[in-house]
Amino acid sequence: MVIDSRDALWPNYNPPRDLIFTHGKGCELFSEQGDVYLDFLSGIAVTSFGHAHPHLIAALNEQAGQLWHVSNLFRIPAAERLAQRLVKESFADNIFFANSGAEAVEAGLKAMRSYHATNGNPERTRIIGFDNSFHGRTITTVAAAGNKSHMQNFIPSDQGFDHIEWGNIGSLRDAINSSTAGVLLEPIQGEGGIRPASKKYLVEIRKLCDKEGILLMFDEVQCGVGRSGHLFAHQHYEVFPDVMALAKGLGGGFPIGACLTSNAVGETMVVGTHGSTFGGNPLAAAVGNAVMDLLLDEECLAGVIRKGEYLYGRLSSLQSKYPNAIESIHGLGLMIGIKCKISNTDFVSALRDRGLLAGECGSNMVRLLPPLNIEDAYLDKAVSIVDSVLENIRG
Ligand SMILES: *Cc1c(COP(=O)(O)O)cnc(C)c1O
């Protein structure tokens, strides 16, 4: 029997009342009622290798029997190793570990201001953000994204952010001034609607930042860690940031975030500037390393690109079949958005009723974020559920 014990929680979430999952395996979730769901949400791009992956279970269990936590007052070899591996695979020279996406973004915002202050430009504190972006739910990350509905009642004063139109290089040029520290963007916008930047736009932004002496930070909390078919989404564009935030997929379901920096930025974050009690603790670092093992397997990223193209193609066919329900298909790798003409909320709940979990996001989109290692047969299964739901809505 389902006991409604939700009253002891803040009412800030609204999960379906009678759906409780008891366990998962790969891309499937099993409910208390005995139903099976195909998980194309992955805890919002988190369980990138599905549920109960044996390699991740082994890493967590092994660490759990040895040492959970010592704080960052002591060395954590697994965190040093994870940092070295991320550095080797990226633009970055050094890393700070956090526990979540918002914290990883905040660390980056502090580091950008620190860079300018340390280099004799303490007036450079303002950060430019973009329409429809999302960077988390702390006060600063809400202010960074500038989404009015998230800011209301929480942001008492100017927090040092300016906001401009996404995709318009002229508005960025106009917004930069002598107090600008840097620019923060998602190479593929997630919550605001699955919206990849164009290569031309990112190249122009990078050039403008270099010319003006300001920093470029990418928030790859959602689009990073293999989701795009590249280890980091910006590698697809061959445009590299000075600072990057990661989280979500990095722990495969164990909370961990990371802020990656070039040495010029990271070296300014000396003792006393920043910290976290839990960030990169032995448990999180052990699982992070296990996720890296899977990501760096040769087949993994090539598989994401191949499967992403396949899914994109199959969904595009559905768009042709149901032009009154689907407006367009967007995305890269296994981060795919279906822009709807019908209500995305109704669509997601109809999919769930038929056993497919998907997410809603901005611009009336439905997003599909299946595990990176999903088997092809499940892609077909998901497409056939989408097809049958649309057939019904039409009929
Ligand atoms: C989810 C998300 C965040 C926030 O991550 P939390 O772990 O919820 O704090 C930040 N940026 C982007 C792009 C995200 O998708």
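The values are calculated or read from the model by the stated rules, or taken from the named source; none is laboratory data. Just so it is clear, the model here is predicted, and its values are computed rather than measured. Cβ coordinates were reconstructed from backbone atoms using ideal geometry, including for glycine residues, and neighbour counts include every protein chain displayed. Just so you know, the surface numbers come from the protein's heavy atoms only, side chains and all, with ligands and any DNA or RNA stripped out. Shrake-Rupley method; radii C 1.70, N 1.55, O 1.52, S 1.80 Å.
Whenever a residue of segment 297-318 is polar (S, T, N, Q), it has no partner that is assigned to a helix (DSSP H, G or I) and loosely packed, with under 13 Cβ neighbours inside 10 Å lying with C-beta atoms less than 6 angstrom away and at least six residues away or across chains.
For segment 96-154, how many residues are more than 11 Å from the ligand (Cβ to nearest atom) and among the acidic types (Asp, Glu)? So the count comes out to 2. Selection of segment 287-310 for residues being surrounded by 18 or more Cβ atoms within 10 Å (Cβ to Cβ) and under 30 Å from SER114 (Cα atoms) yields GLY288, MET292. Among the residues of segment 155-166, some residue qualifies, meaning at least one is in the same structural domain as LEU109 (by TED's automatic domain parsing), part of a loop (DSSP other than H, G, I, E, B) and under 26 Å from LYS199 (Cβ atoms). Quick one: count up the residues across segment 10-54 that are among the basic types (Lys, Arg) and out of contact with any His (no Cβ under 8 Å at 6 or more places or on another chain). Qualifying residue count, segment 10-54: 1.
Yes/no matrix, rows are residues, columns are (1) under 21 Å from ALA83 (Cα atoms); (2) surrounded by fewer than 24 Cβ atoms within 10 Å (Cβ to Cβ):
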| position | (1), (2) |
| --- | --- |
| LEU208 | no, yes |
| GLY213 | no, yes |
| MET217 | yes, no |
| GLU220 | yes, no |
| CYS223 | yes, no |
| HIS230 | yes, yes |
| GLN235 | yes, yes |
| GLU238 | no, yes |
| ALA247 | yes, no |
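Restricting the first member to segment 130-141 and to residues that are buried (at least 23 other Cβ atoms within 10 Å of the Cβ), and the second to residues that are of a type in the set (Ser, Thr, Tyr), the beta-carbon pairs closer than 7 Å and six or more apart or on different chains are HIS135/THR141. When the strands (runs of 3 or more DSSP E) confined to segment 2-107 are screened for residues that are in contact (Cβ under 8 Å) with a residue 12 or more places away in the chain, open to solvent by 20 Å² or more (accessible area, probe 1.4 Å) and closer than 30 Å to ILE385 by Cα, those reaching at least 1 such residues are found at 21-25, 28-31, 36-39.
Would you point out the residue of segment 311-356, among those that are among the acidic types (Asp, Glu) and assigned to a helix (DSSP H, G or I), that is most open to solvent (accessible area, probe 1.4 Å)?
In the first step, residues of segment 311-356 are kept if they are among the acidic types (Asp, Glu); the result is 327, 346, 353.
Checking the rest, the ones that are also assigned to a helix (DSSP H, G or I) come to 346, 353.
On the way: ASP346: 97, ASP353: 129 Å².
My answer is ASP353.
Of the residues contained in segment 289-299, one or more are found to be modelled with pLDDT of 95 or more, in a helix (DSSP H, G or I) and within 16 Å of the ligand (Cβ to nearest atom).
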